[in-house]
Each structure stands twice: as structure tokens, then as C-alpha cells.
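Peer 1: Let me begin by handing over the structure; questions about it come next.
The values are calculated or read from the model by the stated rules, or taken from the named source; none is laboratory data. From a predicted model like this one, the values you see are computed outputs, not experimental measurements. A quick note on method: Cβ atoms are made from the backbone with ideal geometry, for glycine too, and the neighbour counts reach across all protein chains shown.
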Amino acid sequence: MREREDKSVLTEPRCPFCRELFERPHDVTTDLGFFQGGSCRCGAVYAYDPTGRNLGEAFVDALTYACNEDWSLAWGLVPEEDYIQSILSYNLRTHRVSPKQGMTQRGTTGKLIFIKLLEGVTE
Ligand SMILES: [Zn+2]
């Protein structure tokens, strides 16, 4: 039983930066339409890619959302210097993450890309 509990902790949907539980991705309206994602109380934002194959698109959605849709700011950002990112394997149906890369069943698990702007970027 212990082992089971430990496993369930590992798959809890927690922000990779602050370890807070995050909400199931919901439709976020932007100037260009909407994407599925959300934001964490630590300031990180996330975008959901149901296929795991359109990470570029999810990344742009999350990054511009993090910049309050300021595109010129978003395009000028330097990874690791201005923001940090993390990608989780995530199952929207069960609202669980997969602790191990490559352990996901094909077709059932998408990706969540988390982006957090570092301090001072938007000031
Ligand atoms: Zn967070």
C-alpha cells in the first residue's frame, strides 16, 4: 500500500517550479484566439499540447501569455536568462502527470509546457 501512495504523490499535478498543485488546463482567451492552459500562483504559466507534437505552438502560447501578450517582449527573451521552462507529460483526463519520460502510453498523454519569467523581465 505504501508504494502505491508514493506513486500517486509522484503523479500529482504540481508546478515544476514551486511544487504547488496546478489546475487542469482551461481555455485561455488571447488576442489570437485561445489555448488550453493556465497559470500558477508563483507566476509560471503553462500551455497544454494534447498530442505532444505541437510543443512549438504551445511554447509560443505560453511565452506570449507570460508576457501579457506583448509579442515584441516575448520574441526578445533569452532562455535561461529571461525565463525558465519545463515540460511535463500530462494526462488531461485523469489530471495526472507522468513521472518518467518515455513511460507514457501513445495517444493518451499530452504535454504541458511550463514557462516562468525570471525577475525583472517585465519591468
Ligand atoms: Zn508555480
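Peer 1: Which of the residues spanning segment 28-85 are in contact (Cβ under 8 Å) with a residue 12 or more places away in the chain, in a strand (DSSP E or B) and out of contact with any Gly (no Cβ under 8 Å at 6 or more places or on another chain)?
Peer 2: Within segment 28-85, Thr30, Phe35, Gln36, Gly37, Gly38, Ser39, Tyr83, Ile84, Gln85 meet the criteria.
Peer 1: Check whether at least one residue in segment 94-106 is assigned to a loop (DSSP other than H, G, I, E, B), free of Cβ contacts under 8 Å to residues at least 60 places away in the same chain, among the charged types (D, E, K, R) and surrounded by fewer than 19 Cβ atoms within 10 Å (Cβ to Cβ), and report yes or no.
Peer 2: Applying the first criterion (assigned to a loop (DSSP other than H, G, I, E, B)) to segment 94-106 yields 94-95, 99-106.
Those still in the list that are free of Cβ contacts under 8 Å to residues at least 60 places away in the same chain too: 94, 100-106.
Those still in the list that are among the charged types (D, E, K, R) too: 100, 106.
Within this subset, residues satisfying the condition of being surrounded by fewer than 19 Cβ atoms within 10 Å (Cβ to Cβ) are 100, 106.
Yes: segment 94-106 contains one or more residues that are assigned to a loop (DSSP other than H, G, I, E, B), free of Cβ contacts under 8 Å to residues at least 60 places away in the same chain, among the charged types (D, E, K, R) and surrounded by fewer than 19 Cβ atoms within 10 Å (Cβ to Cβ).
Peer 1: Same structure again: Of the residues Val45, Val78, which single one is under 13 Å from the mean Cα position of the chain (by Cα) and of a type in the set (Val, Ile, Thr)?
Peer 2: On the way: Val78 fails: under 13 Å from the mean Cα position of the chain (by Cα).
Residue meeting the stated conditions: Val45.
Peer 1: Looking at Arg24, Arg19 in this structure, which one is within 16 Å of the ligand (Cβ to nearest atom), touching a His at 6+ places or on another chain (Cβ under 8 Å) and at pLDDT 95 or above?
Peer 2: On the way: Arg19 fails: touching a His at 6+ places or on another chain (Cβ under 8 Å).
Only one candidate qualifies: Arg24.
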